[in-house]
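Take a look at the structure below.
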Amino acid sequence: MRRLIPILVLPALLAAVAACGDGGRRAAATAAAVAMLRAVADHDGEQACALLAPQTAKAVAQEQEATCADGVLKENLPAPGAEQDTQVYGQWAKVRLDHDTIFLATFPGGWRVVAAGCRPQEQDRPYDCTVSGR
């Protein structure tokens, strides 16, 4: 089941408090996003869940009525595509790939995916995300 989440307001809010993200932070956010999608494509649910934010991993398990590792593989996420753009806003990041937009946040240990399988909707509407922490 797809969920609409109010990610649209996130960039505006973050822009107000954003500090310039350096290339290393952008590269790390992109690497985490691609690694999570690659783990799903490789049917490695454990690795994919290790790259999800805690609330997102919990939501995947609850929605699929399974462990996160089993549930994330049922979520119909796209294979990782080429990076189109990565924006870092303090502790948040948005990574746009060929067929996906992924939102991340920093946690102890690095970037974690908060929402994936996200597609923009009409203007002023939230992103429609396959996986999110709600």
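Neighbours of PHE107 by Cβ distance under 15 Å: Lys/Arg scored +1, Asp/Glu scored -1, total +3.
For region 52-61, putting each phi into the Karplus relation 6.51 cos²θ - 1.76 cosθ + 1.60 with θ = phi - 60° gives couplings of 8, 5, x, 5, 5, 4, 5, 5, 4, 4 Hz, in residue order, rounded to whole numbers and with x for Gly and Pro.
Annotation: region 36-134 has a Kirkwood hydrodynamic radius of 13.4 angstrom, from the mean reciprocal C-alpha pair distance. What distance in nm separates the simple spin-label points at GLU63 and HIS43, each placed 7 Å from Cα in the Cβ direction? Between GLU63 and HIS43, the simple spin-label model gives 2.3 nm.
Each residue of region 68-85 is assigned a 3J(HN,Hα), and the resulting list reads 4, 4, 7, x, 5, 6, 8, 7, 6, 7, x, 5, x, x, 5, 5, 9, 6 Hz, derived from the Karplus form 6.51 cos²θ - 1.76 cosθ + 1.60 (θ = phi - 60°), x at Gly and Pro.
Derived scalar couplings between HN and Hα for region 96-104 equal 9, 10, 3, 10, 6, 10, 10, 10, 10 Hz in order, rounded to whole Hz, by the Karplus curve 6.51 cos²θ - 1.76 cosθ + 1.60 (θ = phi - 60°), x for Gly and Pro. Taking each residue as 0.36 nm, the span from ALA79 to ARG119 lengthens on full extension beyond its C-alpha to C-alpha distance by 13.0 nm.
Bear in mind these aren't lab numbers, they're just calculated from the coordinates by the rules spelled out. These numbers come from a predicted model, not from an experiment. Cβ: placed from backbone, ideal geometry, glycine included. Neighbour counts: every protein chain shown.
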